[in-house]
Amino acid sequence: MNIRILFGYLFFLLSIIFCVVQLLIVLTSEHVAGLSLILQFCSALTCLLLSSLAIQRSRRTAMVVITAMAFSVCFLALLSGGILAMKGTDEMATVKYVLFLAYAGLYGLFGLACSLLASKSATNEAGKNT
């Protein structure tokens, strides 16, 4: 396995771990500290961008795995945000919902970009074979 792909997977898993840790902190805390929230979001975003090292034309399976993981994180963030909104508690701040939507959008866009790249490389490979 190429070291570039290994680090891509590692950084993508780190971004998911940072996302989960921050969302758990947001769920359990009553007051949200703005600076720590921004720093944690930026660390997850940085790891997500570094994980793009795994995207290569010849590595279609790497892109499919990263796409599936990105869409699952997006779905879980939207699902948990929806469940919290249906609970109707007054102690949930607007910042918490914005954070859930930001993570869902971030991972959803990343997964969409990876899936478009994967389908583009698959059509290019099919065109070369004919």
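A few remarks follow.
- Ordering of 107-119, 38-50 by packing [mean C-beta count within 10 Å, highest first]: 107-119, 38-50
- 14 Å reach of a label modelled at K87, 7 Å along Cα-to-Cβ, counting backbone N of segment 10-38: 23-31
- Net lengthening on full extension, K120/L49 (0.36 nm per residue, minus Cα-Cα): 23.5 nm
Values quoted throughout were computed directly from the atomic coordinates according to the rules given, and no laboratory measurement underlies them. Please read these numbers as outputs of a predicted model, since none were measured by experiment. Note: ideal-geometry Cβ built from the backbone for every residue, glycine included; neighbour counts use all protein chains shown.
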